[in-house]
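Below you'll find the structure I mean.
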Amino acid sequence: MGKYQGVIFDLDGVICFTDQYHFQAWKQVADEIGVYFDEKINNRLRGVSRMDSLDIILERSDRPYNAEEKAALAEKKNDLYKALLLNMSPRDLSPEVKETLEALRAAGLKLAIGSSSKNTKMILERLGLSGFFDAVSDGTNIQRSKPDPQVFTMAAEFLGLPASQCLVVEDAEAGIRAAAAGGFDSAGLGEASAFAMTTYPMEHFRQLSQICL
Ligand code: BG6
Ligand code: MG
């Protein structure tokens, strides 16, 4: 084994692609309250918690929303989002991701999820990955969302490993910042491959095998 004993994966945008579902659900909520929302604003929501995402969307609103109204909007979005997640199945897990996860696991690495999402359990079920990971740290066990490192620090604790022995895999700026703040090296996919803070810029998920094995 190489430098790392464990790998902590972000979920949305790394293991699976839920961006469009988040977009469709937020778009419906934004349209209903007459607030402009587009794909570019949606990109800013990557890795950001549900309530922080709503605050970003409401930057365009011409009136303030109180806590109760915001909770109702977030709940409506989540109901729409969960209905869309029912479209997901194990076919949404790419062979590349599946084979790479299996190769890392076969080499003895411990694997965890580190996601801001409170829907992590449902998404892993839809993908056929329930019980696959050695640990799951998600939106249900944290008080502070990325870019705070808490979700990754807790994932490492659940694995019983120090941050220095874990690699974080991310697609979002908030996640790369969270990894760095927690003392983790990071592997970045998509837009995260372009950040100076990313330890290993990657084009393909399978490159994790070269980094870790
Ligand atoms: C992150 C997504 O993984 O989870 C964000 O990248 C999302 O876009 C966040 O807002 C929270 O998700 P959920 O499922 O708890 O609303
Ligand atoms: Mg992500």
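Within the stretch 39-57, which residues are aliphatic (A, V, I, L, M), over 17 Å from the mean Cα position of the chain (by Cα) and surrounded by fewer than 19 Cβ atoms within 10 Å (Cβ to Cβ)?
Hit for the stretch 39-57 is 56, nothing else.
For residue 164, all conditions in the list (1) within 16 Å of ligand 2 (Cβ to nearest atom); (2) surrounded by fewer than 22 Cβ atoms within 10 Å (Cβ to Cβ) hold save one; what is the number of the exception?
Only one criterion in (1) within 16 Å of ligand 2 (Cβ to nearest atom); (2) surrounded by fewer than 22 Cβ atoms within 10 Å (Cβ to Cβ) is unmet by residue 164, namely (1).
The conditions are (1) touching a Cys at 6+ places or on another chain (Cβ under 8 Å); (2) part of a helix (DSSP H, G or I), and residue 99 fails exactly one of them. Which is it?
Only one criterion is unmet by residue 99, namely (1).
Within the stretch 47-71, which residues are part of a helix (DSSP H, G or I) and either within 14 Å of ligand 1 (Cβ to nearest atom) or among the aliphatic types (A, V, I, L, M) (or both)?
50, 51, 52, 53, 54, 55, 56, 57, 58, 67, 70, 71
Could you give every pair whose Cβ atoms fall below 6 Å, whose first residue belongs to the stretch 174-192 and is within 12 Å of residue 152 (Cα to Cα) and assigned to a helix (DSSP H, G or I), and whose second residue is within 14 Å of ligand 1 (Cβ to nearest atom) and of a type in the set (Asp, Glu), counting only separations of at least 6 or pairs across chains?
Listed pairs, sorted by first residue: 175/10; 176/170.
Here are some residues: 111, 213, 208. Which one is buried (at least 22 other Cβ atoms within 10 Å of the Cβ), touching a helix residue (DSSP H, G or I) at 6+ places or on another chain (Cβ under 8 Å) and under 16 Å from residue 2 (Cβ atoms)?
Values: 111 fails: buried (at least 22 other Cβ atoms within 10 Å of the Cβ); 213 fails: buried (at least 22 other Cβ atoms within 10 Å of the Cβ).
Exactly one residue qualifies, and that residue is 208.
Read-outs: derived from the displayed coordinates by stated rules, not from any lab. Not measured: the values here are computed from a predicted model. Note that we place each Cβ from the backbone using ideal geometry, even for glycine, and neighbour counts take in every protein chain shown.
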